[in-house]
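Notes for the one structure printed next.
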Amino acid sequence: MRKRLLGEAFHNWYRNIIRHPKWRWWVLLGTLFYLVSPIDISPDFIPVIGWIDDGLIATLAITELSQILLENRRRLGDRVETSQSDETPGTVIGVPAVTVG
């Protein structure tokens with residue numbers, strides 16, 4: 001139970017700080033450094049256990065980055081859609097179809 005609360009607290013902290021535009025690139029740089037550094041919570045030279053924390057951090061970083069990119073894409077799509085709906089539509093002319101043959 002306590003580990004779960006600690007994990008949720010870390011996840012919430014990471015999410016909040018990575019979504020802040022001022023700190024986003026520093027956090028990503030720190031995350032990359034943590035992933036390539038042999039010094040971390042569980043050392044990478046221990047075969048499976050050493051890779052678990054790196055996998056969790058990488059998954060968290062990729063998940064948060066994809067959420068940020070999706071939100072930006074939605075906002076951009078909303079802006080494009082709004083700007084297109086503001087334009088006045090042109091006059092529509094009906095043309096009757098004629099069958100030849």
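The values are calculated or read from the model by the stated rules, or taken from the named source; none is laboratory data. Nothing here was measured: the structure is a model prediction, and the numbers come from that model. Cβ coordinates were reconstructed from backbone atoms using ideal geometry, including for glycine residues, and neighbour counts include every protein chain displayed.
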Worksheet, complete the sentence: Contact list, first residue from segment 50-79 and free of Cβ contacts under 8 Å to residues at least 40 places away in the same chain, second anywhere and of a type in the set (S, T, N, Q) and surrounded by 10 or more Cβ atoms within 10 Å (Cβ to Cβ), beta-carbon distance below 6 Å, six or more apart or interchain, is Gly50/Ser42; Asp53/Ser42
Worksheet item: Pick from segment 76-101 the residues that are surrounded by 10 or more Cβ atoms within 10 Å (Cβ to Cβ) and modelled with pLDDT of 75 or more: which of them is farthest from Tyr34 (Cα to Cα)?
Response: Asp78
Fill in: Flag if Glu64 is in a helix (DSSP H, G or I) and touching a helix residue (DSSP H, G or I) at 6+ places or on another chain (Cβ under 6 Å)
yes
Item to complete: Would you confirm whether any residue within segment 37-50 is modelled with pLDDT of 90 or more, exposed (fewer than 12 other Cβ atoms within 10 Å of the Cβ) and of a type in the set (A, V, I, L, M, F, W, C)?
Response: no
Worksheet item: Looking at Leu6, is it surrounded by 11 or more Cβ atoms within 10 Å (Cβ to Cβ), of a type outside the set (Ser, Thr, Tyr) and in a helix (DSSP H, G or I)?
Response: no
Worksheet item: Which residues, counting only those in segment 15-36, are surrounded by 13 or more Cβ atoms within 10 Å (Cβ to Cβ) and in a loop (DSSP other than H, G, I, E, B)?
Response: Arg19, Trp23
